[in-house]
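As structure tokens, the structure follows; a few thoughts come after it.
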Amino acid sequence: MNQSIKKRFFPLLLSLFMLLTCACGAKEPEEPTTPDASFGEYVTELYRNEVASDTLTLHYSLAHPENYGVTMEEVTYGNYSQKETTNSIPEIEAYREKLLTFQYDTLCAQDQVLYDCILFTIDANLALSKFEYYAEPLGPTTGLQAQLPVLLAEYHFYSKEDIETYLKLLSCTKEYFSQIAQYEREKSAAGTFMSQSVAEEIISQCKDYIKNPEENLLIEHFNNTVENFDGLSQDEIILYKEQNRDAVLNSVIPAYELLIDTLTELKGTALYEGGVCSLPDGAEYFEALVHYQTGSSMTIKQMQKRLLTAVQSSLVSMSAAQFSDPELFNRYSALTYPETDPAKGLEFLKNAIKADFPALDEVDYSVKYVHKSLQEYLSPAMYLVPPFDDRNNNNIYINRNPDYDTNDIFTTLAHEGYPGHLYQNVYYLGTNPQPLQQLLRTSGYTEGWGTYAELYGYVLAGFDEALAKFCQDNMTAILSLYGLTEIGVHYTGWDERTTANFWGDYGIDEKTAKEIYQAVLAEPCSYLPYCIGYLEFMDLKEQAQEELGKNFTPLAFHTFLLELGPAPFATVKTQMERWIKTQK
């Protein structure tokens, strides 16, 4: 998963990539065979403008930006303010006008995909920009304050200069958080501040993170890293450790203290309690947000119908399977996976995917564990996407919180590792892609693929067909119920009681249902990219199977999707229909 650090032009995802040339792939005879040089210049300008807008984005995008003509003098997190967003609108509109001057039919196939991605992102940002002070940089799980410690800890040092840049960036943390604090005050004045329960959860999280300053993750991790960094003298190591400790204690810790004080001051000032739809024109905002985050062309109503169908068909399938095999549920209840150790599990999955997924060269990766100060709030696992020019720098974080279950880790590793995020990203990087397309990553594609991979993990685990299908149906139903809840809370206006009644119909107790409500309330559109993205992929697969019949193979289908790369689903569907013609 990835988290936005600022809101300027494109909401950057800290996993961005670089483009200089167009490499055209397979195409129909009537399509152009050479890239449009002027379109390439437009893309290069756009990329350079965006990727160098803050230090963290640039570093997570390119290990060696100088090789791509990208330079950045100032060390900064960027600017977070409504004014910055408003001021960027003319620039966005200018890029849109320039994009529309290119003749779509004259572009090569890969550039057409990129064109679609740029237009989709621009239009989505313009639609969201109409809603001032609706964006929320903070959140219990995916918020800036939750993600930043891991992103800073994983700031890779390629050179001594990188260490020095990192230390300067660390010293900017309080200044950047002061911008966030000011933005939250303006949200409060505008009447769009977060609910009291969400504010209290974030306050508690921040307190946990800083309660032992001398044992802070950023001190412990940095000390270990510089001690093992080649080429540093002992005096340099000591100096860097002192500078880092000073920056953590005098900038990072005070930044979180500032956030605690600000949220404590503002909590209870929300004029509208409940989901996003309680805000003026909130339902319209939520629909624009969902469209952008999922990359789906479905309306909210269509999503509701698709999710409800998924729940019902999954439950019917599970019921029929149990009727055919009375022992099936007992086998499900006693599931054991081939591996419960994360490192061994990834190696197992890497071999298990070979029949149904295209080959991938060996790549380096590390399995790490979330620091104890962050365990209660972060996701169960996360994958940090490597820079465009350093695809071996892969890190998967596992959260061994009190709910950590070694028996569940296998499918989580399928989501984050093979054939999920790690595999998808590294494979795509190996296709000589348009890196700007990676900058414009669509959450629905990336998290939809990760969820597709997770559920494919039941097959990869070696379960028999009936048991694997039963597991997949169960997870599809659960994910779809979460998606329906997110729409219910933020689009329809469900309160805690309505949510509890909804889940009660599916046998979930009131206490658990209320916890689900609070989780959904805290971070709008957190679940829909997963469930809608997954269902979009399943619908594409069903279409390909129906049209290709015996010519369909999982290997060919997965290869097509992986080589296409992240894109809105309307683009994926158009490109798949072209691909199907080549397979008959």
Handout entry: Those residues of the stretch 482-529 which are surrounded by fewer than 23 Cβ atoms within 10 Å (Cβ to Cβ) and among the charged types (D, E, K, R), in sequence order
Key = ASP495, GLU496, ARG497, ASP505, ASP509, GLU510, LYS511, LYS514, GLU515, GLU523
Handout entry: Check on THR446, closer than 30 Å to ASP325 by Cα and polar (S, T, N, Q)
Key = no
Practice task
Among the candidates THR582, THR485, THR498, single out the residue that is of a type in the set (Val, Ile, Thr) and more than 30 Å from PHE193 (Cβ to Cβ).
Solution key: THR582
Practice task
Among what's in the stretch 83-131 and is polar (S, T, N, Q) and exposed (fewer than 13 other Cβ atoms within 10 Å of the Cβ), pick the residue that is nearest to TYR183 (Cα to Cα).
Solution key: THR86
Completion exercise
When every residue in the stretch 322-355 that is surrounded by 16 or more Cβ atoms within 10 Å (Cβ to Cβ) and of a type in the set (D, E, K, R) is compared, the one farthest from ALA556 (Cα to Cα) is GLU339
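Filter the stretch 272-285 for residues that are crowded, with 21+ Cβ neighbours inside 10 Å and in contact with a Leu (Cβ under 9 Å, 6 or more places away or on another chain) and give the result. I'd like the intermediate steps shown before the answer.
The first filter runs over the stretch 272-285 and keeps only residues crowded, with 21+ Cβ neighbours inside 10 Å, leaving 275-277, 279, 282, 285.
Correct list: GLY275, VAL276, LEU279, TYR285.
I'm trying to understand the selection: among the residues of the stretch 383-411, which are outside any loop (DSSP other than H, G, I, E, B) and either under 26 Å from GLU563 (Cβ atoms) or among the small types (Gly, Ala, Ser) (or both)? It would help to see each step written out before you state the result.
Going residue by residue through the stretch 383-411, those that are outside any loop (DSSP other than H, G, I, E, B) are 383-384, 394-398, 406-411.
Once the filter is applied, which keeps residues that are outside any loop (DSSP other than H, G, I, E, B) and either under 26 Å from GLU563 (Cβ atoms) or among the small types (Gly, Ala, Ser) (or both), the stretch 383-411 yields TYR383, LEU384, ASN394, ASN395, ILE396, THR411.
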Problem - Lone unmet requirement of (1) assigned to a helix (DSSP H, G or I); (2) out of contact with any Lys or Arg (no Cβ under 9 Å at 6 or more places or on another chain); (3) not aromatic (Phe, Trp, Tyr) for SER526 - result: (1)
Exercise for the section: Collect the residues in the stretch 356-371 that are surrounded by 12 or more Cβ atoms within 10 Å (Cβ to Cβ) and in contact (Cβ under 8 Å) with a residue 40 or more places away in the chain, keeping them in residue-number order. Expected result: ASP356, PHE357, PRO358, LEU360, VAL363, TYR365, VAL370, HIS371
Practice task
Show the residue pairs that are 6+ apart or on different chains and have beta-carbon atoms under 6 Å apart, the first residue being within the stretch 526-539 and under 13 Å from ALA567 (Cα atoms), the second being small (Gly, Ala, Ser) and part of a loop (DSSP other than H, G, I, E, B).
Solution key: GLU536/SER296
Exercise for the section: For PHE229, state whether it is assigned to a loop (DSSP other than H, G, I, E, B), farther than 26 Å from GLU132 by Cβ, among the hydrophobic types (A, V, I, L, M, F, W, C) and in contact (Cβ under 8 Å) with a residue 40 or more places away in the chain. Expected result: yes
Handout entry: helices (runs of 4 or more DSSP H) within the stretch 275-359 that include 1 or more residues touching a Pro at 6+ places or on another chain (Cβ under 8 Å) and modelled with pLDDT of 95 or more
Key = 282-294, 342-352
Practice task
For the stretch 540-562, indicate whether the set of residues that are in a loop (DSSP other than H, G, I, E, B), hydrophobic (A, V, I, L, M, F, W, C) and under 18 Å from GLY450 (Cβ atoms) is non-empty.
Solution key: no
Handout entry: Exclusive hit being within 18 Å of THR294 (Cα to Cα) and within 26 Å of the chain's Cα centre (by Cα), set TYR517, TYR527
Key = TYR527
Exercise for the section: Run LEU271 past the list (1) outside any helix (DSSP H, G or I); (2) of a type outside the set (D, E, K, R); (3) at pLDDT 95 or above and report the number of the one that doesn't hold. Expected result: (3)
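Please go through the stretch 106-116 and pick out each residue that is out of contact with any Gly (no Cβ under 9 Å at 6 or more places or on another chain), part of a helix (DSSP H, G or I) and hydrophobic (A, V, I, L, M, F, W, C). Before you say what the answer is, go through the steps one by one.
First pass over the stretch 106-116, keeping only residues out of contact with any Gly (no Cβ under 9 Å at 6 or more places or on another chain): 106-107, 112, 114-116.
So of that shortlist, the ones also part of a helix (DSSP H, G or I) come out as 106, 112, 114-116.
Listed by number, the list holds a single entry, LEU114.
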Exercise for the section: Could you list, in sequence order, all residues of the stretch 45-56 that are more than 16 Å from ASP389 (Cα to Cα) and in a helix (DSSP H, G or I)? Expected result: GLU45, LEU46, ASN49, GLU50, THR55
Problem - Residue count for the stretch 568-584, restricted to those that are more than 16 Å from CYS108 (Cα to Cα) and crowded, with 22+ Cβ neighbours inside 10 Å - result: 2
Problem - Every residue from the stretch 191-226 that is over 30 Å from LEU266 (Cα atoms), in contact (Cβ under 8 Å) with a residue 24 or more places away in the chain and among the polar types (S, T, N, Q) - result: THR225
Handout entry: Positions within the stretch 248-271 being crowded, with 16+ Cβ neighbours inside 10 Å and either touching a Cys at 6+ places or on another chain (Cβ under 9 Å) or charged (D, E, K, R) (or both), in sequence order
Key = SER251, TYR256, LEU259, ILE260, LEU263, LYS267
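So, TYR240, is that one surrounded by 15 or more Cβ atoms within 10 Å (Cβ to Cβ), closer than 30 Å to GLU496 by Cα and of a type in the set (Phe, Trp, Tyr) or not?
Numbers: surrounded by 15 or more Cβ atoms within 10 Å (Cβ to Cβ): yes; closer than 30 Å to GLU496 by Cα: no; of a type in the set (Phe, Trp, Tyr): yes.
Against the criterion (surrounded by 15 or more Cβ atoms within 10 Å (Cβ to Cβ), closer than 30 Å to GLU496 by Cα and of a type in the set (Phe, Trp, Tyr)), TYR240 does not qualify.
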Handout entry: Evaluation of GLN437 against (1) at pLDDT below 95; (2) more than 16 Å from the chain's Cα centre (by Cα) (one fails), failing number
Key = (2)
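The values are calculated or read from the model by the stated rules, or taken from the named source; none is laboratory data. Treat the numbers as computed from the prediction; the structure is a model and nothing was measured. Reconstructed Cβ throughout: ideal geometry from the backbone, glycine too, with neighbour counts over all protein chains shown.
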